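The values are calculated or read from the model by the stated rules, or taken from the named source; none is laboratory data. Since this is a predicted model, take the numbers as computed values, not measurements. Here Cβ is always computed from backbone atoms with ideal geometry, including for glycine, and neighbour counts include all displayed protein chains. Keep in mind that these areas ignore ligands, DNA and RNA; they rest on the heavy atoms of the full protein, side chains included. Shrake-Rupley method; radii C 1.70, N 1.55, O 1.52, S 1.80 Å.
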Amino acid sequence: MRDLFTALLPRSRTTVPAVYLVLCLFPLAASLAEDPDWLTNPGFETSKGEHPDSWDLGMEGVGKGEAVWQKGDAHSGERCLRVQLTTNGDYYMGRQRLSQPVTSGELYQISGWYRSDAEIVAHPCVYNVRGDGFVLSAWESALPKAERWTRFHYTWRPPDGTIRFEIQLRAQSVIGTAWFDDMTLGPAAQLEAEMKARMAK
């Protein structure tokens, strides 16, 4: 297993203006344990009928593929999310709409584990959503191919008007398969405070 700590500018036509922290410079275990995870069922272990609890599986746009609640070969536990495109197209995804109130301009973070069989097919995305449901902008990144479970971690600051998030874990644009597991999404206040303290030394 590898760690991919990154804070690169995401590749998107709708990316948010943000201040990015170079996360690879610091050990993060303590901070990540203290900052809350807002996701329900982040490891895809609990069910609601035949689907993972709190996650919608489906697609948007054109293209053939699938979004599957996979049993076996997970990063931890028994279950993970598998998303796949079998033709070039838009994306198949697992989606969760969050209800926790967001404070514009504060630092937030997304992290998790993924693997993939093609370059840039694994594509996590977070929508910054206004009160009326309008998507103001998106943080997103096309991740490099990772044959083994690999950790990713990004931070961003949502723009003015954002009141909640929506996360989408996608197989996007290119033919290939991506797996996601053990996700985290939420505030990064403790992380930011710790990093500022270390940088001030």
message = Please verify whether A18 is surrounded by 13 or more Cβ atoms within 10 Å (Cβ to Cβ), over 20 Å from G112 (Cα atoms) and at pLDDT below 90, treating the condition exactly as stated.
response = yes
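Residue by residue, here is whether (1) modelled with pLDDT under 95; (2) out of contact with any Asp or Glu (no Cβ under 8 Å at 6 or more places or on another chain); (3) under 17 Å from D181 (Cβ atoms); (4) part of a helix (DSSP H, G or I) holds:
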{"residue": "S54", "(1), (2), (3), (4)": "no, yes, yes, no"}
{"residue": "G58", "(1), (2), (3), (4)": "no, yes, no, no"}
{"residue": "V62", "(1), (2), (3), (4)": "yes, no, no, no"}
{"residue": "L81", "(1), (2), (3), (4)": "no, no, yes, no"}
query = Could you count how many residues in segment 155-185 are crowded, with 20+ Cβ neighbours inside 10 Å and either β-branched (V, I, T) or in a strand (DSSP E or B) (or both)?
reply = 19
message = Restricting to segment 33-45, and then to whatever is touching a Pro at 6+ places or on another chain (Cβ under 7 Å) and over 22 Å from L191 (Cα atoms), can you tell me which residue is least open to solvent (accessible area, probe 1.4 Å)?
response = F44
ask   = What are the residue pairs meeting all of these: first residue in segment 66-88, first residue touching a residue at least 24 places away in the same chain (Cβ under 8 Å) and under 23 Å from V174 (Cβ atoms), second residue surrounded by 16 or more Cβ atoms within 10 Å (Cβ to Cβ) and among the hydroxyl-bearing types (S, T, Y), Cβ atoms under 7 Å, and 6 or more apart or on different chains?
value = E66/Y92; A67/Y92; R82/T177; V83/Y92; Q84/Y92; Q84/T177; L85/Y92; N88/S173
request  = For segment 46-65, enumerate the residues that are crowded, with 16+ Cβ neighbours inside 10 Å and over 17 Å from the mean Cα position of the chain (by Cα).
outcome  = G63, G65
ask   = How many residues does segment 66-75 contain that are at negative phi and open to solvent by less than 50 Å² (accessible area, probe 1.4 Å)?
value = 6
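To keep it simple, each residue is scored yes or no on (1) closer than 26 Å to R157 by Cα; (2) crowded, with 24+ Cβ neighbours inside 10 Å.
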{"position": "L81", "(1), (2)": "no, yes"}
{"position": "G89", "(1), (2)": "no, no"}
{"position": "G94", "(1), (2)": "yes, yes"}
{"position": "R97", "(1), (2)": "yes, no"}
{"position": "T103", "(1), (2)": "yes, no"}
{"position": "E106", "(1), (2)": "yes, no"}
inquiry  = Residue pairs, Cβ under 6 Å, 6 or more apart or interchain, first in segment 110-129 and farther than 25 Å from P187 by Cα, second open to solvent by less than 40 Å² (accessible area, probe 1.4 Å) and among the hydroxyl-bearing types (S, T, Y). List them.
reply    = D117/T177
query = Could you say whether any residue in segment 161-181 is over 24 Å from G58 (Cβ atoms) and without any contact (Cβ under 8 Å) to a residue 40 or more places away in the chain?
reply = no
